[in-house]
Every structure is written in C-alpha cells, then in structure tokens.
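K.L.:
Below you'll find the structure I mean.
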Amino acid sequence: MKDKALYFSGWLLLVAAGFGLGEGAALALTGTRPSTVVPSQESGRVVRVVDADTYDVLTGGVVYRVRLLGVDAPETDQPFGHQAGDSVTQLLRPERTVLLGRRGVDLYGRTLATVRLPVAGGPALALDSLLVVRGWAWAWDPKHRVAGRAAQQASAVAARRGLWKCGAVGVLTPRQWRQFNYKNKRRYGVGCTW
C-alpha cells in the first residue's frame, strides 16, 4: 500500500511539474515537504594535527580521525607539507574549541567533516577556506558548491602565499605526489627555497 502511495505522489509531482504549477502547487498536491538534511555541528577540540588536512578531534568523549572536506593539502613529505602542517597547528591549539560538522566516512575510516573556528563576536570561520586563502591547500570543490572557492585559490596564487610562493608552475598536487616513487620524490621534492 505504501508503494502505491509513493508511486501516486511521484506521479502527481511529475504532472505538476509538467504543467508548470511550481513547487508550491506540487507540495499542496502531495502534502509532503522535501527533506533537507542539515548536518549538526558538534563542539570539540583538536588533540593532534596529523597533516594540514587530517586531524584527531575529541568531541563527546570520542576521538575522531577527521579528514577536512573542501581542500587537499600537501603531504607531510611533500614540499611545503611541514609548513602547511605547522600553520594549522598554530591555528588549532589544544585549548581552542572547534565546531565539527561530520558528513560521513572515507575509504580509510576517517570521518569526513567540516571544521569551523568560532570567533568572539562574529561568525565562525571555515578552516577549509582559511587554508586556501593562506595558500596552504588546494581548493577541492568539483561540484562548485562553495561560492568563491576558485577565487580564493586564485587570490592566493596571485599573491604567492604559502605553497604558491614560487608561482603556480611546477607545483604538484598531493594526488600527483602520492603516485611518485621514491626516486621521483627525491627529484621533485626540493621545492623552492624558503
């Protein structure tokens, strides 16, 4: 019986859309609202910075290995990897509270999440955007969900901040770096002088 009701609801939505009645009329016809799942944010603190985009976060008595969404930072053994990690360590001191928005788990068992930094008297800052603007990570937004993400990276490249210090030519993404063997890593692992 429930399957028939779902079929009929879908059919009504299709008919309403076909006649151009709009979303309001479709909702009135079906009596249902589309579900929007907004992930809740939990308060926690970073107990360890693994690298610039991976952290151990303590929240609710549980330590989660968190992979930051929206960016890809240099690996620890990659040029500028230590500097990017140190930059994040300075931002995420153990006494600092962060807001964690969990979104799932990746293939390695890490919790995929957004991390926001509360600021007194203002809105919380998104850590992913902060890393991109400071030049310590590549913007990773394949579906263009974050407005201005490409512009953030372009401004970091133009200002030669962080890993863009020597310009955009020759900078290897972490994905490219992980595919190198030891010999190639030694060859390309020099980077520009600090």
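Read-outs: derived from the displayed coordinates by stated rules, not from any lab. Bear in mind the structure is a predicted one, so any value in this text is a computation, not a measurement. Glycine also receives a Cβ, built like all others from the backbone with ideal geometry; neighbour counts cover every protein chain displayed.
K.L.:
Taking 8 Å as the Cα distance limit and 6 or more residues as the minimum spacing, I'd like the relative contact order of the range 42-188 as a percentage. Could the numbers behind the result be given before it?
P.N.:
On the way: 248 pairs, mean separation 30.9, N = 147.
RCO, the range 42-188: 21 percent.
K.L.:
OK, next. What is the packing order of peptides 124-136, 96-108, taking the mean over residues of other C-beta atoms within 10 Å and listing the highest first?
P.N.:
124-136, 96-108
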